[in-house]
Amino acid sequence: MNNINSNKEFYDWINELKRTIKSARQKLAATINSQVLELYWEIGKEIASKQNTWGSNIIENVAKELNSEFPDMKGFSRRNLYAIRQWYLFYNSKYEFVPHTVAQIPWGHNRLIVSKIKDLDVAESYLLASAKNGWDRETLEIQIKSAYHLKAGGSFHNFNSTLTEAQSKLAIETIKDPYNFDFLGLQEDALEKAIEDELTKHITKFLLELGKGFAFVGKQYKLEISENDYFIDLLFYHLELRCFVVIELKSGKFKPEYAGKLNFYLSAVDSQIKKEIDNPSIGILLCKAKDKIEAEYSLRDINKPIGISEFKLTEAIPEDFKSKLPTIEEIENELDNFQNR
């Protein structure tokens, strides 16, 4: 009899069994979540239909009755019932039954979306993104605050002409414009090296801003071409696109020659690093600003997939708000007055 502890066939089999169990648990959790949301939909529908008859106190009375009858069930607090009613009314304007996209994510995610977003189309974009990317509630809230729906798919690119239809669609959904790097704490005049250094120091937050699927490979990744050395600013591998992603950082405005250099890097990566199972490498140029016509001309005849996006180091302060902020001189005067009291 073979020693089971050193038997590779046994461990291959047990790992497959574990994957089967995990898959079954995920399917069970999804089924339970769907049933809970269907129940909440019916509760929201009933409360909304009876509120005009029994007045504003109906939610408080319903909460009292349901908690008394079902003490072991959560979700029947006055606050949650109010959220259920709000959630139902929000989607009922378009749907008769629980939308499929709604049923794909947990109630906490649904409640957060409805509390933060008032536009139905925008809400649905976050439902889809949450389900696709597997965001937890904290990540979802961060993405809402950073206006993910305005950034997704906004990059200028040539993906349609350089990638397969399926690969192009996924790449377009993956690339944002603009990227928000305010977590670095740098000023707008920061140089490329400082930005690059801080991005790698804060790699977890950087990966969160990039989105699901990015795996960090290296900074200043060395390529030996002929007798010269070249260095890629940042190199990633994307687990869904199944390809390397070359990111070049530019602290100023986009220039056409940047696209040519990135195209050169992509050729080198595809020749030296890419394996047969990998898809063509993708390049992303991150600049402070870009001109759409210059970007279009620069990518028109390039045969490597490249996206051009902007990034922000600090959130802009609205002009009408700036006027209400104290100047440096006013702050210093106030400090002097305080110290002289």
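Rule-based calculations on the coordinates, nothing more; no lab input. This structure is a prediction, so every number in the text was calculated from the model and none was measured. Virtual Cβ from ideal backbone geometry, glycine too; neighbours counted across all protein chains shown.
For segment 142-294, the relative contact order works out to 17 percent when only alpha carbon pairs closer than 8 Å and six or more residues apart are counted.
Principal-axis analysis of the Cα atoms of the chain puts helix 107-116 at an angle of about 80° to the longest axis.
If a/c stays under 1.5 just call it rounded; otherwise compare a/b with b/c (prolate if a/b is bigger, oblate if not). Do that for the chain, with a ≥ b ≥ c from the square roots of the Cα gyration tensor eigenvalues. In terms of gyration-tensor shape, oblate. Using the average count of surrounding beta-carbon atoms within 10 Å as a protection proxy, the listed peptides 12-18, 129-135 rank, highest first, as 129-135, 12-18. Packing, taken as the mean count of other beta carbons within 10 Å per residue, orders the peptides 108-114, 283-289 from highest to lowest as 283-289, 108-114. With both labels modelled 7 Å from their Cα along Cα-to-Cβ, the ASN15 to PHE264 distance reads 4.2 nm. 3J(HN,Hα) along segment 220-233, derived from phi through the Karplus expression 6.51 cos²θ - 1.76 cosθ + 1.60 where θ = phi - 60°, amounts to 6, 5, 7, 10, 9, 10, 6, 10, 10, 9, 10, 10, 7, 4 Hz, with x in place of Gly and Pro.
Against the chain, whose longest principal axis is taken from its Cα atoms, helix 165-174 shows a tilt of about 80°.
In the chain, the calculated helix contribution to ellipticity at 222 nm averages -17000 deg cm²/dmol per residue, counting -39,500 (n - 2.57) for every DSSP H run with n ≥ 4.
Tell me the angle of helix 78-92 to the major Cα principal axis of the chain, expressed in degrees between 0 and 90 and rounded to the nearest ten. Around 70 degrees separate the two axes. Count Lys and Arg as plus one, Asp and Glu as minus one, and take only other residues whose Cβ is under 14 Å from that of ALA166; the net charge is then -1.
When you restrict to C-alpha pairs under 8 Å that are six or more residues apart and normalise by the size of the chain, the relative contact order lands at 13 percent. Under a Gaussian network description of the chain, with springs only between Cα atoms under 10 Å, the residue in ALA24, ALA147, ALA83 that fluctuates furthest is ALA24.
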